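All remarks here apply to the structure that follows.
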Amino acid sequence: MATDKQIFEYAPAPESRAVVDIAPSYGLFIDGEFAEAADGKVFKTVSPANEEVLSEVAQAGAADVERAVKAARKAFEKWSALPGAERAKYLFRIARIIQERSRELAVLESLDNGKPIKESRDADLPLVAAHFFYYAGWADKLGHAGLGPDPRPLGVAGQVIPWNFPLLMLAWKIAPALACGNTVVLKPAETTPLSALFFADICRQAGLPKGVVNILTGDGSTGAELVAHPDVNKVAFTGSTEVGKAIARTVAGTDKKLTLELGGKAANIVFDDAPIDQAVEGIVNGIFFNQGHVCCAGSRLLVQESVQDEVLDALKRRMATLRVGDPLDKNTDIGAINSAEQLARIKELAAAGEAEGAERWAPACELPGEGYWFAPTLFTGVTQAHRIAREEIFGPVLSVLTFRTPEEAVAKANNTPYGLSAGIWTEKGSRSLWMAGKLRAGVVWSNTFNKFDPASPFGGYKESGFGREGGRHGLEAYLNV
């Protein structure tokens with residue numbers, strides 16, 4: 001049939017759930033073995049796409065934290081005494097097993113987290129393996145990292161990670177800690193514990209000595225117990241600024257080393273000479289990747305006034321093509337919101353944007369009847385006083401502001417308590433470099449967004465935290481220098 005415009009529909013292309021075997025219940029991983037919580041408490045983890053219960057997981061309490069820290073302390077003596085080249089072999093082995101099991105882990109991550117399978121498969125898992133490979137390479141070269149001739153490990157690292165990139169954040173934390181000779185007690189997020197528990201099995205498969213990595217599942221109280229434990233030498237946390245501040249207060253006055261990677265409200269800045277189509281792809285990737293559950297998401301779009309209409313027209317056309325739905329469908333662009341609690345926060349802030357006078361737009365989009373979903377959303381007419389321009393929404397919601405001069409763009413971009421990331425779109429290299437020097441952000445991308453590499457440090461300023469993860473800089477947080 002001849003028509004002026006042919007529209008091709010995508011046939012469903014679901015990834016098979018059969019590739020991953022989820023047990024009905026999981027214990028805590030302490031000293032190389034799975035064990036029930038001391039008080040027998042459990043909680044359920046559900047799939048955000050359909051609210052199906054995936055498994056029952058042990059809730060660690062104070063006695064379990066004590067056991068895990070003791071196991072890590074005992075293992076530290078032998079692990080830290082191993083030559084770096086020997087520690088590297090374990091890290092290489094873990095990286096290879098992650099690669100071999102990547103399809104299984106990608107399906108698991110999408111089931112438990114809600115993110116599209118193409119993201120967990122093509123972005124998360126390759127980066128997870130790459131971090132272990134990268135830090136395996138550093139394990140026998142620590143004296144050449146520019147941190148002194150003989151840097152020593154700290155001891156037991158207590159690590160608390162978020163739900164937006166469960167396996168990737170685990171890799172960011174565990175790989176450098178082990179490479180430097182520390183042992184680890186890690187607490188995954190309450191809503192996404194499964195990939196960390198599967199990682200525990202990978203540690204056993206790799207023959208990692210008992211007690212070197214311990215995994216404690218639980219809620220915020222478990223994390224608080226771990227952070228406060230007197231025999232933890234290093235605390236690493238990725239998550240909300242509010243919890244980060246509480247952790248900083250807990251650690252204050254102790255000799256624990258601390259790194260915090262917290263929230264963000266990044267500016268994605270588009271100049272009038274930017275390649276519009278390329279910039280639109282970067283804007284979409286910056287805010288709708290992982291449903292906007294990204295601390296460095298480009299959630300504030302700053303467009304030069306003269307190209308505002310052109311950019312917004314192109315952006316709306318592109319947003320209309322985004323496919324929202326089943327995270328396990330390879331065609332899905334935007335998956336499920338991670339939890340009912342997070343969905344409620346996104347809805348509340350979006351409603352505040354409308355109430356304060358911003359204009360809301362979303363493409364026509366049919367959301368599934370079950371699970372937690374939010375359509376990709378755009379706000380125009382936003383001022384710097386609006387809550388949607390100031391507060392981290394952590395969802396697929398973009399606030400658009402305009403500017404006239406580079407100086408105004410810098411002032412608006414820096415007008416935030418956060419300072420994690422920023423993006424600049426311009427064909428002028430000199431302007432990119434000038435802007436990068438003025439922006440108060442830990443990571444500045446030029447003509448791209450959300451690009452990560454294990455060799456490149458990541459971290460923020462102000463209320464986005466302190467310390468760096470990745471690269472040579474990521475070693476320093478785990479060494480006594």
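The values are calculated or read from the model by the stated rules, or taken from the named source; none is laboratory data. Since we're looking at a predicted model, the values are computed, not measured. Every residue, glycine as well, gets a Cβ built from its backbone with ideal geometry; the counts of neighbours run over all protein chains shown. Surface accessibility is based on the protein's heavy atoms, side chains included, excluding ligands, DNA and RNA. Shrake-Rupley method; radii C 1.70, N 1.55, O 1.52, S 1.80 Å.
With all protein chains present, calculate the accessible area of E51 using a 1.4 Å probe and round the result to the nearest 10 Å².
90
What is the distance, in nm, between label points placed 7 Å from the Cα along the Cα-to-Cβ direction at E9 and at E359?
It works out to 3.3 nm between the two label points.
Quick one: net charge around V324, please, counting Lys, Arg +1 and Asp, Glu -1 for every other residue with C-beta under 12 Å from its C-beta.
Charge balance in the 12 Å sphere: -3.
Work out from phi, with θ = phi - 60° and the Karplus expression 6.51 cos²θ - 1.76 cosθ + 1.60, the ³J(HN,Hα) of each residue of segment 442-451, listed in order in whole Hz, and give x for Gly and Pro.
The phi angles translate into x, 10, 10, 9, 10, 6, 6, 7, 6, 9 Hz.
For the chain, what is the mean residue ellipticity at 222 nm derived from helices alone (per DSSP H run of n ≥ 4: -39500 (n - 2.57); sum divided by total residues; nearest 500 deg cm²/dmol)?
-11500 deg cm²/dmol
Apply the Karplus parameterisation 6.51 cos²θ - 1.76 cosθ + 1.60, with θ equal to phi minus 60°, to every residue of segment 32-46 and state each ³J(HN,Hα) to the nearest whole Hz, in sequence, with x for glycine and proline.
Karplus-based 3J(HN,Hα) across segment 32-46 equals x, 10, 8, 9, 5, 5, 4, 9, x, 6, 9, 9, 9, 10, 10 Hz.
Taking the Cα centroid of segment 125-170 and of segment 302-328, what is the distance between the two, rounded to the nearest whole Å?
Measuring centre to centre over Cα atoms gives 37 Å.
Short version: ³J(HN,Hα) in whole Hz for each residue of segment 369-384, in order, from phi by Karplus 6.51 cos²θ - 1.76 cosθ + 1.60 (θ = phi - 60°), x for Gly and Pro, what are they?
Karplus-based 3J(HN,Hα) across segment 369-384 equals x, 10, x, 10, 9, 8, 6, x, 10, 10, 10, 10, x, 8, 10, 5 Hz.
Between K347 and K245, take the C-beta separation as r, use R0 = 35 Å, and let me know the FRET efficiency to the nearest 0.05.
So, using R0 = 35 Å, E works out to roughly 0.90.
Would you mind checking which residues have amide H under 5 Å from L301's amide H? H placed 1.01 Å from N; only 5 or more apart, or other chain.
N268, S399, V400, L401
Under the classification rounded if a/c is under 1.5, otherwise prolate if a/b is larger than b/c and oblate if not, where does segment 19-154 fall, given a ≥ b ≥ c as square roots of the Cα gyration tensor eigenvalues?
Oblate shape, in that a/c is at least 1.5 and b/c is the bigger or equal ratio.
Is the shape of segment 267-446 best called rounded, prolate or oblate, per the rule: a/c under 1.5 gives rounded, else a/b larger than b/c gives prolate, else oblate, with a ≥ b ≥ c the square roots of the Cα gyration tensor eigenvalues?
prolate
Based on the Kirkwood radius over alpha-carbon pairs, what is the Stokes-Einstein translational diffusion coefficient of the chain at 10 °C with 1.306 mPa s viscosity, in µm²/s?
Translational diffusion coefficient: 69 µm²/s.
What does the extension gain come out to for E33 and V53, with contour length at 0.36 nm per residue minus their alpha carbon separation?
4.8 nm
Using r as the Cβ-Cβ distance of N415 and F452, and R0 as 30 Å, what FRET efficiency do you calculate, to the nearest 0.05?
0.70
Return the percentage of antiparallel bridges among DSSP beta bridges fully within the chain, rounded to the nearest 5 %.
Of the beta bridges lying entirely in the chain, close to 30 percent run antiparallel.
With a 1.4 Å probe and all protein chains left in place, how much of the accessible area of segment 61-204 comes from carbon and sulfur atoms, in whole percent?
About 55 percent, which is the carbon plus sulfur part of the accessible surface.
Taking the Cβ of L154 as the center, what net charge do the other residues with Cβ under 13 Å away carry, scoring Lys and Arg +1 and Asp and Glu -1?
+2
Quick check: pseudo-label points 7 Å beyond the Cα along Cα→Cβ at E305 and E100, how many nm apart are they?
With each label point 7 Å from Cα toward Cβ, the separation is 6.2 nm.
List the residues of segment 387-415 whose backbone N lies under 13 Å from a point placed 7 Å from the Cα of W434 along the Cα-to-Cβ direction.
405-410
Considering only protein heavy atoms and a 1.4 Å probe, what is the carbon-and-sulfur percentage of the accessible area of segment 267-446?
Carbon and sulfur: 47 percent of the exposed surface of segment 267-446.
Sorted by packing (mean other beta-carbon atoms within 10 Å per residue), highest first, where do 437-446, 302-311 land?
The most tightly packed comes first, giving 437-446, 302-311.
For segment 125-226, just run the numbers: alpha carbon Rg, then divide by 2.2 N^0.38 Å, N being how many residues it has.
Against the compact-globule rule of thumb, the ratio is 1.09.
Please work out the average accessible area per residue across segment 267-446, using the 1.4 Å probe convention, and give it in Å².
Accessible surface, normalised per residue, equals 38 Å².
Can you give me the long-range amide H partners of H293? Hydrogens built in the peptide plane at 1.01 Å from N, cutoff under 5 Å, separation of 5 or more residues or another chain.
Sorted by chain and number, the residues that satisfy this come to none at all.
Search the structure for amide H atoms under 5 Å from the amide H of S446, placed 1.01 Å from N in the peptide plane, and list their residues when 5 or more places away or on another chain.
Those lying under 5 Å, H to H, from S446 are I424.
Test of the criteria: in segment 392-429, which trypsin sites (Lys or Arg not before Pro) are in a DSSP loop and have at most 11 other Cβ atoms within 10 angstrom of their Cβ?
For trypsin sites (Lys or Arg not before Pro) across segment 392-429 that sit outside H, G, I, E and B with at most 11 neighbouring Cβ atoms in 10 Å, the list reads R404.
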